[in-house]
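K.L.:
One structure is given below, represented as C-alpha cells, and several questions about it will come after.
What follows is calculated from the coordinates using simple rules that are stated; it is not laboratory data. Source: prediction; values computed, not measured. Cβ placement follows ideal geometry from the backbone for every residue including glycine, while neighbour counts extend to all protein chains displayed.
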Amino acid sequence: MSTPRRVPVRSGLFDDDAGDVVLLGARCRTCGRPQFPRSATCPYCSSVDVEPVRLAGVGTLWGWTTVHTAPPGYDGPVPFGFGVVELSAGLRVITRLEIGDGAALQFGQPMQAAIVALHTDHDGDTVVTYSFAPTP
Ligand SMILES: [Zn+2]
C-alpha cells in the first residue's frame, strides 16, 4: 500500500512557495490586466499575448456567503464559506473561505490563502485546495 499523497483538486490553480500560497494566474501583455485562473486568452481584451504570473495569496475580503448544500461533484464538508477576495495584485477571485459564519467576517478585512484538505479520494490520497481565511 502506498503512502497517501496530497493532490490538488485541479492542477494549475495554485502552488506553495515555501509556505506562502500563490495562485497561478496570468497577465495580459496588451492591456496589462491580471487574470485568474490562467487562460491563454485575455478575458478583457481577447489578446492571446498573455504571460504566466504567480499571484500572492493575500488580499481583502470583498463579498461572502455560506454554502449549506454540497454542489455537484463536491465531496468536502458543508457548510463552508464562499466568497470573493480582492488580491493585492488588483483582481477579485472567487474562493472557498475557511470561516463559514458570515457574521464573523467584515468587508475589507485582510485575508490570506492556505492550502487545506477537502476530502480523501478513491486512491486514499488527500485532495487539497486553496482557501482564504482572515490574516492572523
Ligand atoms: Zn488584455
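K.L.:
Filter the chymotrypsin sites (Phe, Trp or Tyr not before Pro) in region 53-121 to those in DSSP coil with at most 11 other Cβ atoms within 10 Å of their Cβ, and list the result.
P.N.:
Answer by residue number: PHE107.
K.L.:
Normalised by the number of residues in the chain, what is the relative contact order in percent for Cα pairs under 8 Å and 6+ residues apart?
P.N.:
Result for the chain is 23 percent.
K.L.:
Along Cα→Cβ, 7 Å out, is where each label goes; now give me the distance between the ones at ASP49 and HIS68 in nm to one decimal.
P.N.:
With each label point 7 Å from Cα toward Cβ, the separation is 5.1 nm.
K.L.:
Next question, about the same structure. Can you list residues whose amide H is under 5 Å from SER47's amide H, if they're 5+ apart or on another chain and H is modeled 1.01 Å from N?
P.N.:
Counting only residues 5 or more places away or on other chains, the set is CYS42.
K.L.:
A follow-up question, please. If amide H atoms are built 1.01 Å from N in the plane of the peptide, which residues on other chains or at least 5 residues away come under 5 Å of the amide H of TRP64?
P.N.:
Amide H neighbours of TRP64, under 5 Å, 5+ apart: VAL84.
K.L.:
Let me know the volume per residue of the alpha-carbon convex hull for the chain, in Å³.
P.N.:
It is 131 Å³ per residue.
K.L.:
Which value, in debye to the nearest 20, describes the size of the charge dipole of the chain about its Cα centre when Lys and Arg Cβ atoms bear +1, Asp and Glu Cβ atoms bear -1, and nothing else is charged?
P.N.:
Taking the Cα centre of the chain as origin, the dipole is about 400 debye.
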